[in-house]
Amino acid sequence: MTAETAPDSSILPLDLRQDVALLTAAIMDINSVSGNETELADAVEAALRTIPELHIVRDGDAIIARTELGNPERVILAGHLDTVPLPLTEGSLGTVPITWESGVPGQGVLYGRGATDMKGGVAVQLALAAGMFDGGTAPKRDVTFVFYDHEEVEAVKSGLGRLVRNHGNLLDGDFAILLEPTDGTVEGGCNGTSRFEATTVGEAAHSARAWMGSNAIHAAAPILERLAAYQPLTVNVDGLDYRESLNAVRINGGTAGNVIPDKCVVEINYRFAPDKTPDQAEAVVRELLEGFDVVRTDAAAGARPGLQHPAAASFVAAVGAEPKPKYGWTDVARFSELGIPAVNFGPGDPLLAHKDNEHVHADAIRKCLQALQAWLAG
Ligand SMILES: [Zn+2]
């Protein structure tokens, strides 16, 4: 899948040296809803190929760009190129093309799809790559820039997962930063996530003669009672408090308005702290729902924050903000699987991600770039 061919010259080149907020806007104007990343990947690749110090590999709509300076330490800066679909509500600002609230490009709040998740982060990566060798000084750490497709969809399609399979050797490193939105704080590691189905079985009968059957939905009541009564844990891992969640997220049962249901399935989602493996998380659910038929349908391990690693510690010190735990599952877990400690650090409020009014302040993007520039130079 590796292509060393020259990119399409008809693409308008991205100017990586313009103000990073304006660069963000330019990237946001290229629609890249998951599955439709090629145009943006082409533009990113073309721009990166203007930086002669970078060694570039393209795989599908993902790109790895590495410095090869022989420094003792290597950091990975990673971000996804895709976004969730555009808003369906007419007049929503979180769409393509972008809108500057002030009417002045580069000033104030920038609205559009990917504003927080995560084209500001991608713009910061690109600006860092372009500026690294300016002024004749080479960075003290080697850097691997990773841009990938299909983050916002099923895990099997993940562009990062594909890069790990096809080019795992190019993803070695001491520390990884994912530029997902964290509002400028450092969020370490992430909770794991797993899904289960708890099934009850009854006997169908006409509801006019209910005593001839047995109601599977009623039989599921204790499952819901135990879940509702469960007090989720808060677990300290490497100095950060990870708050867990255990919830019924869907329930399915019954066939008709006059039939006693013979089957009921309760779908359960357990977000577990990164001190547990998926198997240990499963044991928690099985113990709570003892006596019920429970099947695990999905699981992804969490990631320990790894903030005691020297590269991570120096990064946290340079940013100067108190690190926080990450509750949602992110691709830091993929780096964790490779044995690379990873944190999230990026511009924009994560709570605005995927919303119809997705937006980011231009200064938040600039601040993120300055923090990373200072750390890489230091
Ligand atoms: Zn994201």
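The values are calculated or read from the model by the stated rules, or taken from the named source; none is laboratory data. Note that the structure is a prediction, hence the values are computed from the model and not measured. Here Cβ is always computed from backbone atoms with ideal geometry, including for glycine, and neighbour counts include all displayed protein chains.
The residue that is surrounded by the fewest Cβ atoms within 10 Å (Cβ to Cβ), among those in the stretch 62-76 that are of a type outside the set (A, V, I, L, M, F, W, C) and touching a strand residue (DSSP E or B) at 6+ places or on another chain (Cβ under 8 Å), is GLY70.
Contact annotation: residue pairs with Cβ atoms under 7 Å, 6 or more positions apart or on different chains, pairing a residue in the stretch 103-130 that is of a type in the set (Val, Ile, Thr) with a partner that is away from the ligand (no atom under 16 Å from the Cβ) and not in a helix (DSSP H, G or I), are VAL109/GLU101; VAL109/HIS361. Residues in the stretch 132-145 that are touching a helix residue (DSSP H, G or I) at 6+ places or on another chain (Cβ under 7 Å) and either within 16 Å of the ligand (Cβ to nearest atom) or aromatic (Phe, Trp, Tyr) (or both): PHE145 alone.
Scanning the stretch 31-46 for residues being crowded, with 22+ Cβ neighbours inside 10 Å and in contact (Cβ under 8 Å) with a residue 60 or more places away in the chain gives a total of 4. Among residues of the stretch 77-114 being within 16 Å of the ligand (Cβ to nearest atom) and not in a loop (DSSP other than H, G, I, E, B), the one that is surrounded by the fewest Cβ atoms within 10 Å (Cβ to Cβ) is LEU77.
Selection of strands (runs of 3 or more DSSP E) fully inside the stretch 281-378 by the criterion of at least 1 residues being away from the ligand (no atom under 16 Å from the Cβ) and either assigned by TED's automatic domain parsing to the domain that holds GLN231 or surrounded by 16 or more Cβ atoms within 10 Å (Cβ to Cβ) (or both) returns 293-300, 359-361.
One line per residue, one yes/no per condition, for (1) modelled with pLDDT under 95; (2) within 16 Å of the ligand (Cβ to nearest atom); (3) out of contact with any helix residue (DSSP H, G or I) (no Cβ under 6 Å at 6 or more places or on another chain):
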residue	(1), (2), (3)
VAL156	yes, no, yes
PHE175	yes, no, no
LEU179	no, yes, no
GLU203	no, no, yes
SER214	no, no, yes
ALA221	no, no, yes
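Scanning the stretch 227-254 for residues that are in contact with a Pro (Cβ under 9 Å, 6 or more places away or on another chain), part of a loop (DSSP other than H, G, I, E, B) and modelled with pLDDT of 95 or more yields GLU244, GLY254.
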